[in-house]
Amino acid sequence: MTTQSPRPIDTSVPHSARIWNYWLGGKDNYPVDEEAGDAYTAVFPGITTIARSSRAFLGRSIRHLVLECGIRQFLDVGTGLPTSDNTHEVAQRHAPDARIVYVDNDPLVLTHARALLTSTPEGATAYLDADLHRPEAIVEAAAETLDLTRPTALILSGTLGHVRDHDTALDLVRRLMAGLPTGSYLCVNDGSRGVDPEYERAQDGYNETGAVPYFLRPVEEIEAYFEGMEMVEPGVVPVPLWHPEEGADTTPVGQHGGVGRKVR
């Protein structure tokens, strides 16, 4: 784990990770975040459904990777604030020997690192203070906990939308996956365009407020992250449609996700 002096947390302006935490029902947020979150839901009430659908997809995809693909190592980049069913909790519930490295560079997330740094005795959980835009450094540091000669799952959940330029985001994914061996997996879910115009208008308006922006992508741009990979069925789809639980609501939302296997 990388340690350093904690950076100050600005509680005077809303923060996207804290707002997302609020929508998920978490407690790691401040009145300014609740106000911003409530203002967003007043414009687009469906955002809480999107946030929770995204979280549910994360859990189902990790479970699939463990039980169906035999993955025991996870590199979760841009993990955000801990809520319930974090990556290590889902993975180690099904495989106690699973090893997880979380990566973020948000000061509030750093203050909650101890909540993430729990593990079964058989497995391992570590946290890295690192920047998405330095993918080689992330892989190098993750290798202190993970055996990167073995297949590893790279998790990017709601992360790539914070990268303004899609070509830059695509390059970051390629460089992260380049550090992982054949047989590794990529799991991505991000906000998408083409499903819900009200969501798109609400998010575009939010981005214009001066808050940390999050950019919705056309579905084909999300699909591009998996170029050259073998996709797990059903491919990149609205997250409620990816391996849904029996009886679950499968109404499409403006959030697409998928899982792909590195084949070379």
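The values are calculated or read from the model by the stated rules, or taken from the named source; none is laboratory data. As the structure is a prediction and not an experimental result, all values here were calculated from the model. FYI the Cβ positions are ideal-geometry reconstructions off the backbone, even for glycines, and counts take in every protein chain you see. Accessible surface is based on the protein model in full, side chains and every heavy atom, while ligands, DNA and RNA are left aside. Shrake-Rupley method; radii C 1.70, N 1.55, O 1.52, S 1.80 Å.
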The Kirkwood hydrodynamic radius of the stretch 47-88, taken as the inverse of the mean 1/r over all distinct Cα pairs, in Å, comes to 11.2 Å
With the 8 Å Cα cutoff and a minimum separation of six or more residues, the stretch 122-264 has a relative contact order in percent of 25 percent
Log entry: pair-distance distribution for the stretch 131-171, C-alpha pairs binned every 10 Å from zero, whole % per bin is 24, 49, 25, 1
Surrounding charge for Val101, neighbours by C-beta under 10 angstrom, Lys/Arg +1, Asp/Glu -1, total -1
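Count the net charge of all other residues whose Cβ sits under 13 Å from the Cβ of Leu186, scoring Lys and Arg as +1 and Asp and Glu as -1.
Numbers: positive: Arg174, Arg175, Arg261, Lys262; negative: Asp76, Asp190, Glu223, Glu227, Glu230.
Overall, the nearby charge balance is -1.
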Taking the convex hull of the alpha-carbon atoms of the stretch 52-113 and averaging its shadow over every direction gives an area in square nanometres of 4.1 nm²
Placing +1 on each Lys and Arg Cβ and -1 on each Asp and Glu Cβ in the chain, then taking the dipole about the Cα centre, the residue among Gly260, Leu186, Ala95 whose Cα reaches farthest towards the positive end is Ala95
To the nearest 20 debye, the chain has a Cα-centred charge dipole, built from +1 on Lys and Arg Cβ and -1 on Asp and Glu Cβ, of 600 debye
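Using a 10 Å cut-off on Cβ atoms, rank the peptides 187-197, 87-97, 24-34 from the highest mean neighbour count down.
187-197, 87-97, 24-34
P(r) tail for the chain, what percent of Cα pairs lie past 22 Å?
For the chain, the fraction of Cα-Cα distances above 22 Å is 53 percent.
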In whole µm²/s, the translational diffusion coefficient that Stokes-Einstein assigns to the stretch 4-115, given a Kirkwood hydrodynamic radius over C-alpha pairs, 37 °C and 0.692 mPa s, equals 216 µm²/s
FRET efficiency (Ala39, Val13; Cβ distance; R0 22 Å; to 0.05) is 0.95
With every protein chain in place, the accessible area of His133 for a 1.4 Å probe, in Å² rounded to the nearest 10, comes to 100 Å²
The size of the Cβ-based charge dipole (Lys, Arg +1; Asp, Glu -1) of the stretch 120-162 about the Cα centre, to the nearest 20 debye, is 160 debye
With only helices counted (DSSP H, runs n ≥ 4, each -39500 (n - 2.57)), the per-residue ellipticity at 222 nm for the chain, to the nearest 500, works out to -10500 deg cm²/dmol
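Quote the relative contact order of the chain in percent (integer), defining contacts as alpha-carbon pairs under 8 Å separated by 6+ residues.
Values: 487 pairs, mean separation 46.6, N = 264.
It rounds to 18 percent for the chain.
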So, with points 7 Å from each Cα along the Cβ direction, the Ala248-Val32 label distance in nm works out to 3.5 nm
